[in-house]
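Step one of this worksheet: look at the structure below.
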Amino acid sequence: MEIKTVYAVYFSATGRTRKVVTTLANAIAQTLELPLETVDFTLPAAREETYAFTDKDLVIFGTPTYAGKVPNKLLPFVQTGFAGNGALAVPVVTFGNRSFDNSLAELCASLENAGFHTIAAGAFACQHAFSDTLAAGRPDREDMTVLAQLGAAVVTKLGKMTEIPAPVQVDGDADAPYYRPLGLDGEPKNFLKAKPQTDRRKCTGCGVCAALCPMGSISREDPAEVTGVCIKCHACVRNCPTGAKYFDDEAFLSHKAMLERDYTRRADAKIFL
Ligand SMILES: Cc1cc2nc3c(=O)[nH]c(=O)nc-3n(C[C@H](O)[C@H](O)[C@H](O)COP(=O)(O)O)c2cc1C
Ligand code: SF4
Ligand code: SF4
């Protein structure tokens, strides 16, 4: 199979998916001595365009897992913003040490439907956007070894490929429902309406949060105001230079505490070939 360009394509609110996708795409591009292009569709402006590929492209395509699936507010763009036109794809999801559940299956199905041919895939545990302790420091060296294995396997598969293979088979069910977050008491918790608060004593008005919100939902005039949808991605919380942003929603905090109590074991990265 003749590939001319490798692409790193991702949504990444707190940077873990970006790290996983760009590390993998870089390794493959370097081994094959091919140019590497990037499409970062995290910010709203990048989702005003659409992106077309060709059958000479290899696309490493990553999203995080939200509630066990592809983030629901991003899914329509994943499904309609990209034309594969026969490009080969390696779908990759990250997850915060609980489970990737059905996100990888949903991403694979979405890319196949958009005209990509999926040839390999992976799910990588990363530090949870909600937490300082859940999978802290991941992806770590062990994860990087698995990423390197996936990259090497993709290169080998490309070298041997004479025709388009059957779509990669991964764990999960693309049509399964979303995971329902549980709280410390084991009961479902609904925090769909939760929005970050701002400690006005700490806020300098720098505007970083407004510039980085993937939903464009933080007012540039008053960064304490969330004017639109909040997907709880934590880009504002993690990137505020003074630590002024935080969530105080009780249901959200109970879910976060449950995750930190019940998901301390190490979830392994998993690759599918
Ligand atoms: C709203 C939301 C929902 C999440 N749901 C899950 C989940 O169901 N399972 C899981 O293991 N991690 C979950 N996570 C953790 C993310 O998948 C993880 O932090 C991911 O690496 C973040 O990627 P990013 O840094 O590229 O934004 C969730 C994170 C957020 C913000
Ligand atoms: S990033 Fe933090 S300090 Fe800057 S405007 Fe937003 S809340 Fe204020
Ligand atoms: S306001 Fe919500 S959607 Fe916007 S960056 Fe913060 S957590 Fe993410």
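Each value in this text was obtained by applying a stated rule to the coordinates, not by laboratory testing. Just so it is clear, the model here is predicted, and its values are computed rather than measured. Cβ placement follows ideal geometry from the backbone for every residue including glycine, while neighbour counts extend to all protein chains displayed.
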key: Contour excess over end-to-end distance, with Cα ends at Leu184 and Glu48 and 0.36 nm allotted per residue   = 45.0 nm
query = If you count the DSSP beta bridges with both ends in the chain, what percent of them are antiparallel, to the nearest 5?
reply = 25 percent
inquiry  = Taking just the alpha-carbon atoms of region 27-153, what radius of gyration and Dmax come out, in angstrom?
reply    = 14.7, 42
remark   = Lone Cys, the chain, Cβ cut-off 4.7 Å -> Cys108, Cys126, Cys203, Cys206, Cys213, Cys230, Cys233, Cys240
note = Residues other than Gly207 with Cβ under 13 Å of its Cβ, Lys/Arg counted +1 and Asp/Glu -1, net out at -1
note = To the nearest 10 degrees, the tilt of helix 141-160 (Cα long axis) against the first principal axis of the alpha carbons of the chain is 30 degrees
ask   = Quick one: Karplus J couplings for region 167-183, per residue in order, coefficients 6.51, -1.76, 1.60, θ = phi - 60°, nearest Hz, x for Gly and Pro?
value = x, 4, 9, 10, 6, x, 10, 4, 9, 5, x, 5, 5, 9, x, 9, x
From phi via Karplus (6.51, -1.76, 1.60), per-residue ³J(HN,Hα) for region 214-223 in Hz, x at Gly/Pro = x, 9, x, 9, 9, 5, 6, 6, 9, x
remark   = Dividing the helical contributions, -39500 (n - 2.57) per DSSP H run of n ≥ 4, by the residues of the chain yields a 222 nm value, nearest 500 deg cm²/dmol, of -8500 deg cm²/dmol
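Mind scanning Lys69/Lys193; Lys19/Lys245; Lys73/Lys256; Lys189/Lys270; Lys73/Lys157; Lys157/Lys232 and naming the pairs with a C-alpha gap bigger than 27 Å?
Numbers: Lys69/Lys193 19 Å; Lys19/Lys245 24 Å; Lys73/Lys256 21 Å; Lys189/Lys270 29 Å; Lys73/Lys157 33 Å; Lys157/Lys232 38 Å.
Exceeds cut-off: Lys189/Lys270; Lys73/Lys157; Lys157/Lys232.
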Distant-in-sequence amide H partners of Phe82 (H built 1.01 Å from N, under 5 Å) = Tyr51
query = Which of the trypsin sites (Lys or Arg not before Pro) found in region 179-273 are in a DSSP loop and have at most 15 neighbouring Cβ atoms, other than their own, within 10 Å?
reply = Lys193, Arg200, Arg201, Lys202, Arg220, Arg265, Arg266
message = With 10 angstrom as the radius, rank Ile218, Ile3, Ile164, Ile28 by how many other C-beta atoms surround their C-beta, starting from the fewest.
response = Ile164, Ile3, Ile28, Ile218
For region 235-249, Karplus couplings with θ = phi - 60° (6.51, -1.76, 1.60), whole Hz, Gly/Pro x = 4, 5, 5, 6, 9, 5, x, 10, x, 7, 9, 7, 9, 10, 5
remark   = Charge tally for neighbours of Val20 with beta carbon under 11 Å away, counting Lys, Arg as +1 and Asp, Glu as -1, is +3
inquiry  = Taking a ≥ b ≥ c as the square roots of the Cα gyration tensor eigenvalues, with a/c under 1.5 meaning rounded and otherwise prolate when a/b beats b/c, else oblate, which class fits region 99-240?
reply    = prolate
remark   = Rounded to the nearest 10 degrees, the helix 103-113 long axis (Cα) sits at an angle to the longest Cα principal axis of the chain of 50 degrees
request  = Neighbouring Cβ atoms within 10 Å as the yardstick, rank His234, His128 fewest first.
outcome  = His234, His128
note = Gyration tensor on Cα atoms of the chain, a ≥ b ≥ c root eigenvalues, a/c under 1.5 rounded, else prolate if a/b beats b/c, else oblate, says prolate
remark   = Taking every other residue with Cβ under 10 Å from the Cβ of Cys126 and scoring Lys and Arg +1, Asp and Glu -1, one gets +1
query = How far, in degrees from 0 to 90, does helix 16-32 lean away from the longest principal axis of the Cα atoms of the chain, to the nearest 10?
reply = 20 degrees
task = Sort 44-51, 246-253 for me by packing, meaning the mean count of neighbouring Cβ atoms within 10 Å per residue, highest on top.
result = 246-253, 44-51
